[in-house]
Amino acid sequence: MTPEQRLADVFVALAGCTTDGPLDVAGTLEVLAHGSPSLLGVGAAAVVFAPDEREAAHVAGSDPAVSRLEHDAVGWREGPGNDCHRALTPLPQAALDGRPARQRWPHYAPRALGLGYARVVALPLRGHTGISGALVLLSHARQSVLSPGTLTLGQSLADFTAVTLERAREADRSRALATQLELALSNRIVIEQAKGVLAARLEMTVDDAFTLLRTHARSRQRLVSVVAREVVEGRADPGLAGE
């Protein structure tokens, strides 16, 4: 398979993770993490996705050891992925055995060196609404320093992933909102039907029927919509008519 075909396959796989059904964050990140080493000529890759501080970061790596490293780095709040995400800019290639790296990442640098990696670079996941994480690329000592063209390709992969996830999250939110609105409308219809049933049965106004329905539901700490459905289906508490 040619490099162009591999690249096309990765882009197709990234897009495919979010086109059918609900958002698959883990699957999308794994595609990027597993596809990056061969495409970019690095030893390993990891992706950290943290679009919202209120939710836990999602981490994926090209192998289990790198996944654990990046997951631990999230807890340490250090490492190239963390710095790249916070600075909102790419982190230049850095030697992991150099003094700056050891001082900056006292936990991360020794662990990465122990795994056999000598250099690291991090590229931000840039979406339309901001930076949502980072793509971390780890290289062995024998591997060449990444060229500007390779870094540009890596940034394109990171950006495409960020935009894909961003749009999928928006679609998920839209689907959730539509479901909520549909449920609210359904409940409203059932309540109106129940008001009519009670008004006819007890010879009272529709407003009084709603007051009766609401009082009965609250006294039993139940949802008005649930009690209303029971009225419409003829399964209401017999005590409802006597209140």
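When each of ALA60, ALA73 is tested for being over 30 Å from ARG175 (Cβ atoms), at pLDDT 80 or above, of a type in the set (A, V, I, L, M, F, W, C) and crowded, with 18+ Cβ neighbours inside 10 Å, the lone residue that passes is ALA73. Would you check if ASP97 is within 21 Å of GLY41 (Cα to Cα) and among the acidic types (Asp, Glu)? Yes: the conditions hold for ASP97. Checking each residue in the range 134-175 for being small (Gly, Ala, Ser), at pLDDT below 90 and either buried (at least 17 other Cβ atoms within 10 Å of the Cβ) or assigned to a helix (DSSP H, G or I) (or both) picks out ALA162, ALA168, ALA171, SER174. Take the residues of the range 62-104 that are in a loop (DSSP other than H, G, I, E, B) and within 20 Å of the chain's Cα centre (by Cα): which is farthest from LEU135 (Cα to Cα)? The selected residue is ARG77. The set of residues in the range 217-238 being over 14 Å from ILE191 (Cα atoms), assigned to a loop (DSSP other than H, G, I, E, B) and at pLDDT below 85 consists of ARG235, ASP237.
In this structure, is ARG111 part of a helix (DSSP H, G or I) and either free of Cβ contacts under 8 Å to residues at least 60 places away in the same chain or open to solvent by less than 50 Å² (accessible area, probe 1.4 Å) (or both)? Taking the combined requirement at face value, the residue satisfies it. Within the range 155-169, the residues that satisfy the criterion of being closer than 13 Å to LEU40 by Cα and either out of contact with any Ser or Thr (no Cβ under 7 Å at 6 or more places or on another chain) or free of Cβ contacts under 8 Å to residues at least 24 places away in the same chain (or both) are GLN155, SER156, ALA158. A search for C-beta distances below 8 Å between a residue of the range 180-197 that is aliphatic (A, V, I, L, M) and any residue that is open to solvent by 50 Å² or more (accessible area, probe 1.4 Å), counting only pairs 6+ apart in sequence or on different chains, returns VAL190/ARG229; VAL190/VAL232; ILE191/PHE210; ALA194/ARG229; ALA194/VAL232; VAL197/VAL232.
Taking ARG54 as the residue in question, decide whether it is open to solvent by 30 Å² or more (accessible area, probe 1.4 Å), assigned to a helix (DSSP H, G or I), at negative phi and not aromatic (Phe, Trp, Tyr). The answer is no for ARG54.
The values are calculated or read from the model by the stated rules, or taken from the named source; none is laboratory data. Quantities reported herein were computed from a predicted structural model and do not represent experimental measurements. Glycine gets a Cβ as well: all are built from the backbone with ideal geometry, and neighbour counts include every protein chain shown. When the accessible area is computed, the model is the full protein with side chains, heavy atoms only, and any ligands, DNA or RNA have been set aside. Shrake-Rupley method; radii C 1.70, N 1.55, O 1.52, S 1.80 Å.
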